[in-house]
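The values are calculated or read from the model by the stated rules, or taken from the named source; none is laboratory data. Everything quoted here is computed from the prediction, not taken from an experiment. All Cβ positions, glycine included, derive from the backbone under ideal geometry; neighbour counts span all protein chains shown.
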2 protein chains.
Amino acid sequence: MSSDHRIPVDEHVALTVAVLTGLGAPERTARIQGEWLCEGDLRGHASHGIRRLEVLAGRVRAGLIDPAAEASVQCPRPGVLRVDGNEGFGPPTALAACDALPALAAEAGIAIAAIRRCGHLGMLAPYVERLAAAGLVGIATTTSEALVHPWGAAPAMLGTNPLAAGLPVDGGEPVVLDMATGQVSRGKVLDHAARGEPLPDGAVVDAEGRPTTDAAAALDGAITPFGGPKGYALALVLEVLVASLTHTALGTEVRGTLDVTDPVTKGDLLLAIDPAAFGGPGAGVAAYLDTLRALEPAPGHGPVTVPGDRARAVRARNLELGVPVDPGTWSRARELLVDADRSR
Amino acid sequence: MSSDHRIPVDEHVALTVAVLTGLGAPERTARIQGEWLCEGDLRGHASHGIRRLEVLAGRVRAGLIDPAAEASVQCPRPGVLRVDGNEGFGPPTALAACDALPALAAEAGIAIAAIRRCGHLGMLAPYVERLAAAGLVGIATTTSEALVHPWGAAPAMLGTNPLAAGLPVDGGEPVVLDMATGQVSRGKVLDHAARGEPLPDGAVVDAEGRPTTDAAAALDGAITPFGGPKGYALALVLEVLVASLTHTALGTEVRGTLDVTDPVTKGDLLLAIDPAAFGGPGAGVAAYLDTLRALEPAPGHGPVTVPGDRARAVRARNLELGVPVDPGTWSRARELLVDADRSR
């Protein structure tokens, strides 16, 4: 991606709003979805940026996303929300859960939202950051299309199942984790295959399950879980946990965030914990994190960072300079606007 | 470890019971601690087996563990337990939390116990298995002495912070994860250093933070987090999460599970989720897991396993054949019995 092609934040969000309102989304819904796509590009994750608008628009046109849907939220127990997106977009659905959780966490001390039947949530970090900003521990995870192989076999049977956590820090920035459990993203595999560039060792396997650096061979193979057998185990636990609590699909039955053909069958979990129920925020966390940051880097390494540091810096820089978007991606997104206008 | 030296389960537990009752522990407390040490050896994790009895006994003698302590359990919110071990042993304290959680989870749908001031919990799997056997999702994590380096720096600043999860499976065995977030255990580093054997690539660093396979050099260095920067991020999130919610120490301030000199300052979290609050157990999980197990292994790999499979098989075999314990470890444990008798 050329980082020289930058779009002002307002313009970035406005394009998504225009496309989606043109397809029948209420202004507020379209704006939330637009802000979440913008967050992907702002943080340097083009795979979660406006590149996804094409699939979202296609899903609306195919009747697979209801652009005007409002989430239904049930509270069967003091610490539980069951959220049905009613086939709406992901971010407004998850945000409804995110905004309802603090009251439950205040009462029960801990609360979890099980979310189903909505579109791709986009970056998870902003949800847990929102909870952390409210003084809560936030944890999020979600299933996705099977792209990752189990440890020791070839076929893709697990999503890239990301895990995010936001931990409020007394007197400092929150710790913010947002990581996929695959070694690399599908976007990276596609990009490298298109350019004929090798992938790092251990990132992917070919169709027989043999490790390869050939991105093209990986298109018939699968992404390797991060961290070997332990990463596989973690990804599988997330797959089963999400599917069990949201009553959504598993493995190759998970659909609906990459295609424009199938109803969505992934699920999402969002958890909030109120530190006030545990005697208030922990002491000494900010100082500990600063100690880590101040450590002498090992040979060949840059400064030690705390999860969230790098994304925060990238985002701040892009907020200032403009959102980096690949020119081709931006052109395709603008064509969706033309399509939407024509389809009125 | 010679797996030829095996001890019947009863005899293994009885030795711990005899040593600890000799030091003032009530029979029931000593038995729970003994069963947890036995679980370590039964599952092939000698580092969590009766090898730890020496430190436990030493801590009792030093007044750092109160063998007769009973845990204090507070319930400040419907989904929260705050557990103070009152300097007692770990397993009876955590088990008190584990046994109290299902009632809270039944009410709130989700509940978490924050545990402090007790000894090392031992294997985490048996706690989450117990919750899973009650039909609940169980998740456990804990801090420990700093042995793992942050990504990109040399000094040990994080515990091996294990993460465990037990997921009940309708019509099948539960999924049981129990993994440290370090690449290798401290026990393995010590063993390899003593035998002059190399460690695998990427498992440890030397005092300057350079990757090494020399176990002796790693004694002055640190254990590498599993899974590179992502594993570091996960380990750090667990470190901060546990410390924040249990009001215990961070990094190099964590003490009391390996030494016989310092009050314990680690913390533990135990989480339970009631699937009944989410519409009951998820469907299709058992079939999905069996599909994974039936996959053709990739070249150079054995059969695909689901987290918990291997430990379950090892445990079943050892239950039948006897608990494998290194003869030297067993002798030292028996000497503690003599010491305890003498100290009466």
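Of the numbered conditions (1) in contact with a Cys (Cβ under 9 Å, 6 or more places away or on another chain); (2) in a helix (DSSP H, G or I), A:Leu238 satisfies every one except a single condition; which is it? It is condition (1) that A:Leu238 fails. Among residues of the range B:272-291 that are touching a residue at least 60 places away in the same chain (Cβ under 8 Å) and closer than 24 Å to B:Val304 by Cα, those with a beta-carbon under 6 Å from a residue that is part of a loop (DSSP other than H, G, I, E, B) and β-branched (Val, Ile, Thr) at least six positions away or on a different chain give the pairs B:Leu289/B:Val306.
How many residues, within the range B:72-91, are surrounded by 22 or more Cβ atoms within 10 Å (Cβ to Cβ) and more than 14 Å from chain A (Cβ to nearest Cβ)? Of the residues in that region, 5 qualify.
Of all residue pairs spaced 6 or more apart or on separate chains, those with beta-carbon atoms under 6 Å, a first member in the range B:115-132 that is farther than 12 Å from B:Leu37 by Cα and a second member that is of a type in the set (Val, Ile, Thr) and part of a loop (DSSP other than H, G, I, E, B) are B:Arg116/B:Thr248; B:Gly119/B:Ile65. Only one entry in B:Gly34, B:Gly109 is closer than 17 Å to B:Thr257 by Cα and of a type outside the set (Asp, Glu), namely B:Gly34. The single condition from (1) out of contact with any Pro (no Cβ under 7 Å at 6 or more places or on another chain); (2) more than 7 Å from every other protein chain (Cβ to nearest Cβ); (3) among the aliphatic types (A, V, I, L, M) that B:Val240 fails is (2). Evaluation of A:Val19 against the conditions (1) surrounded by 24 or more Cβ atoms within 10 Å (Cβ to Cβ); (2) within 14 Å of the chain's Cα centre (by Cα); (3) of a type in the set (A, V, I, L, M, F, W, C) shows that the sole unmet condition is (2). Quick one: is B:Ala94 surrounded by fewer than 24 Cβ atoms within 10 Å (Cβ to Cβ) and in the same structural domain as B:Lys266 (by TED's automatic domain parsing)? Considered against the rule, which asks whether it is surrounded by fewer than 24 Cβ atoms within 10 Å (Cβ to Cβ) and in the same structural domain as B:Lys266 (by TED's automatic domain parsing), B:Ala94 comes out as no. In the range B:298-318, of all residues being within 21 Å of A:Val205 (Cα to Cα) and surrounded by fewer than 17 Cβ atoms within 10 Å (Cβ to Cβ), the one that is nearest to the other protein chains (Cβ to nearest Cβ) corresponds to B:His301. Kindly check whether there is at least one residue in the range B:260-270 that is surrounded by fewer than 23 Cβ atoms within 10 Å (Cβ to Cβ) and at pLDDT below 95. Within the range B:260-270 (the criterion being surrounded by fewer than 23 Cβ atoms within 10 Å (Cβ to Cβ) and at pLDDT below 95), the answer is no, since none of the residues qualifies. Condition check: assigned by TED's automatic domain parsing to the domain that holds B:Ala94 and either surrounded by 16 or more Cβ atoms within 10 Å (Cβ to Cβ) or not in a helix (DSSP H, G or I) (or both). Does B:Gly231 satisfy that? Here the answer is yes, as B:Gly231 does meet what is asked. Does any residue of the range A:325-341 turn out to be over 20 Å from A:Met179 (Cα atoms), within 10 Å of another protein chain (Cβ to nearest Cβ), surrounded by 22 or more Cβ atoms within 10 Å (Cβ to Cβ) and within 18 Å of the chain's Cα centre (by Cα)? No, every residue in the range A:325-341 fails to be over 20 Å from A:Met179 (Cα atoms), within 10 Å of another protein chain (Cβ to nearest Cβ), surrounded by 22 or more Cβ atoms within 10 Å (Cβ to Cβ) and within 18 Å of the chain's Cα centre (by Cα). Scanning the range A:285-323 for residues that are within 15 Å of A:Pro8 (Cα to Cα) and either among the polar types (S, T, N, Q) or touching a helix residue (DSSP H, G or I) at 6+ places or on another chain (Cβ under 6 Å) (or both) yields a total of 3.
The rows are residues; the columns are (1) charged (D, E, K, R); (2) touching a Phe, Trp or Tyr at 6+ places or on another chain (Cβ under 7 Å).
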| site | (1), (2) |
| --- | --- |
| A:Gly182 | no, yes |
| A:Ala194 | no, no |
| A:Asp206 | yes, no |
| A:Thr213 | no, no |
| A:Asp220 | yes, no |
| A:Pro225 | no, yes |
| A:Val240 | no, no |
| A:Asp259 | yes, no |
| A:Gly267 | no, no |
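Hey, among the residues in the range A:147-167 that are at the interface with another protein chain (Cβ under 10 Å from one of its Cβ atoms), crowded, with 24+ Cβ neighbours inside 10 Å and of a type in the set (Gly, Ala, Ser), which one's nearest to A:Ala203 (Cα to Cα)? It comes out as A:Ala164. Residues that are modelled with pLDDT of 95 or more and among the aliphatic types (A, V, I, L, M) within the range B:219-240 comprise B:Ala222, B:Ile223, B:Ala233, B:Leu234, B:Ala235, B:Leu236, B:Val237, B:Leu238, B:Val240, listed in sequence order. Within the range B:271-297, the set of residues being at pLDDT below 95 and facing chain A (nearest Cβ under 7 Å) comprises B:Pro281, B:Gly282.
In the range A:182-207, the qualifying residues are those that are out of contact with any Asp or Glu (no Cβ under 9 Å at 6 or more places or on another chain), within 12 Å of another protein chain (Cβ to nearest Cβ) and on the phi < 0 side of the Ramachandran plot, and the one that is surrounded by the most Cβ atoms within 10 Å (Cβ to Cβ) is A:Gly182.
Per the listing B:Ala134, B:Ala111, the residue uniquely surrounded by fewer than 22 Cβ atoms within 10 Å (Cβ to Cβ) and either modelled with pLDDT under 95 or among the aliphatic types (A, V, I, L, M) (or both) is B:Ala134.
If you filter the range A:281-302 down to residues that are under 29 Å from the mean Cα position of the chain (by Cα) and of a type in the set (Gly, Ala, Ser), you find that the one that is farthest from A:Ala134 (Cα to Cα) is A:Gly302. The residue that is nearest to the other protein chains (Cβ to nearest Cβ), counting only those in the range B:243-263 that are of a type in the set (Asp, Glu) and touching a residue at least 60 places away in the same chain (Cβ under 8 Å), is B:Asp262.
For every residue, the table says whether it meets (1) within 23 Å of A:Thr29 (Cα to Cα); (2) among the aliphatic types (A, V, I, L, M); (3) out of contact with any helix residue (DSSP H, G or I) (no Cβ under 7 Å at 6 or more places or on another chain).
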residue	(1), (2), (3)
A:Pro92	yes, no, no
A:Ala100	yes, yes, yes
A:Leu104	no, yes, yes
A:Arg116	yes, no, no
A:Ala125	yes, yes, no
A:Leu136	no, yes, no
A:Thr141	yes, no, no
A:Val148	no, yes, no
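Taking the conditions (1) under 20 Å from the mean Cα position of the chain (by Cα); (2) under 20 Å from B:Phe278 (Cβ atoms); (3) away from chain B (no Cβ under 12 Å) in turn, A:His120 satisfies each one other than (2).
Within the range B:188-206, residues that are touching a residue at least 40 places away in the same chain (Cβ under 8 Å) have Cβ atoms under 6 Å from residues that are outside any loop (DSSP other than H, G, I, E, B) in these pairs: B:Val205/B:Pro211; B:Val205/B:Ala222; B:Asp206/B:Thr212; B:Asp206/B:Ala217, counting only partners at least 6 apart in sequence or on another chain.
When the range A:205-231 is filtered for residues that are charged (D, E, K, R) and either farther than 24 Å from B:Tyr232 by Cα or more than 23 Å from the chain's Cα centre (by Cα) (or both), the ones remaining, listed by number, are A:Asp206, A:Glu208, A:Arg210, A:Asp214, A:Asp220.
Please work out which residue is surrounded by the most Cβ atoms within 10 Å (Cβ to Cβ), limiting yourself to the range B:274-293 and to residues that are of a type in the set (D, E, K, R) and not in a loop (DSSP other than H, G, I, E, B).
B:Arg293
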